[in-house]
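The structure appears right after this line, and notes come after that.
The values are calculated or read from the model by the stated rules, or taken from the named source; none is laboratory data. The structure displayed is predicted, hence computed values, not measured ones. In this analysis, Cβ positions are derived from the backbone assuming ideal geometry, glycine residues included, and neighbour counts consider all displayed protein chains. Calculation scope for accessible area: heavy atoms of the full protein, side chains included, ligands and nucleic acids excluded. Shrake-Rupley method; radii C 1.70, N 1.55, O 1.52, S 1.80 Å.
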Amino acid sequence: MQICATIPEARAAGRKARASCKRLGLVPTMGALHEGHLSLVCAAKAQCDVVAVSIFVNPTQFGPTEDLARYPRQFERDCALLEKENVDILFAPSVDEMYTKGEATWVMVEGLSDRLDGRSRPGHFRGVTTVVAKLFHVIEPDIAFFGQKDAAQVAVIRRFVRDLNFPVEIVVCPIVRELDGLAMSSRNAYLNPEERQRALVLQRSLRCVEETFRAGEKNAATLIAAAKEVIAQEPQVHVDYLELVDPDTLEPIELITGKTLAAIAAYVGTTRLIDNAVLNP
Ligand code: AMP
C-alpha cells in the first residue's frame, strides 16, 4: 500500500493508476475504521482495479462545540486493516495540506445542506461537500463509495456530483450493524456500557416504523408517533430529528407513496448517533 501524505503524491498515484486504463475507486473516510468502512473497501475492491482510501478528520464539517478534538484517531491500526484488505493507495493528508490559510472557496448544495443533519449541524454539509470535492480533484476516481448509514450525506453528494458534472460514479453500500443491530460508527466508541445498551433504541424505533408501514400505515405523522413511543422507553435518549423524507430531496413526506427514508438522529448521553431505514412501497 502506497501511503501518500501530500496532494502531489496522491495525485500522481491516482494518475498512474488511471494512465494504465485502470478503474480507480475511492473510499473517503475519517479513519477509526470498522467493518462498515471495510464493507466499502470490499465493494471498491470488487468493482475497481485500483482502490484508494482517504483518512482525513475534516475540521470544516465539525461545528465549534462538536467532537473534532476527541474524534478517535488510530492511524497505525487503520493502516494495518487497509493493508490486510490489499488497498493500493492511502491518502492521509494533514489539515495544513488540505486547507491553505485564508481559503475562501466552499462547495455547498443549497436547500439540501440545511435538512436533517444539516439543520442540526449548521455548516456540516458545506464541510463535507468541500472536502469531497477536494478529494475528487486530488485522486480523480472513476467511482467513489459511500455508506447508506449517512443517508443525508449521500443525497447531498449525489446532488453536488450531478450539479458540478463531476465524472465520478457514486456507489452506496448498505449499513453494516453490530450483531445486536446497532449501526457501526466510529462514535460508538464514546458510549459507556449503559449508553451502548440504550443506543439500541434507535434501531428499535426504525424497526417499529418499518413494521407499522408493512402493516399498512402510510401516514408519516402516525409512523413517527409510533416510533417516538418506542424512543420514549429510553428517557435518557434525546431525539434530534426523526423524519420521513424523500431520499433525494430530503423534503418531509406526509403520505408514503414512493421510496421514503426514515431517518433518526439522537443523543445518547452526549454522543450523537444516526441511523435510518428505507421504506419501499
Ligand atoms: P466516516 O469515517 O464516519 O466519515 O465514514 C466514512 C464512510 O463510511 C461514509 O461513507 C459512511 O457512510 C461509511 N460508513 C460509516 N459507518 C458505516 C456503516 N455502519 N455501514 C456502512 N457504511 C458506513
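Structure notes:
- Single residue of the stretch 210-267 satisfying the filter (farther than 30 Å from Glu110 by Cα and among the aliphatic types (A, V, I, L, M)) that is most open to solvent (accessible area, probe 1.4 Å): Ala215
- Where strands (runs of 3 or more DSSP E) sit wholly within the stretch 185-281, none has at least 3 residues that are under 25 Å from Asp114 (Cβ atoms) and at pLDDT below 95.
- Top-ranked residue of the stretch 4-47 - restricted to ones that are in contact with a Cys (Cβ under 7 Å, 6 or more places away or on another chain) and open to solvent by less than 80 Å² (accessible area, probe 1.4 Å), ranked as farthest from the ligand (Cβ to nearest atom): Ala13
- Scanning the stretch 141-189 for residues that are open to solvent by 10 Å² or more (accessible area, probe 1.4 Å), more than 9 Å from the ligand (Cβ to nearest atom) and touching a Cys at 6+ places or on another chain (Cβ under 9 Å) yields a single hit, Asp142.
- The set of residues in the stretch 220-243 that are within 20 Å of Leu255 (Cα to Cα), touching a helix residue (DSSP H, G or I) at 6+ places or on another chain (Cβ under 9 Å) and in contact (Cβ under 8 Å) with a residue 24 or more places away in the chain comprises Leu223, Ala227, Tyr241, Leu242, Glu243.
- Number of the exception - Val109 against (1) away from the ligand (no atom under 16 Å from the Cβ); (2) surrounded by fewer than 19 Cβ atoms within 10 Å (Cβ to Cβ); (3) part of a loop (DSSP other than H, G, I, E, B): (2)
- Every residue from the stretch 188-219 that is touching a Ser or Thr at 6+ places or on another chain (Cβ under 8 Å) and closer than 13 Å to Ile256 by Cβ: Thr212, Lys218
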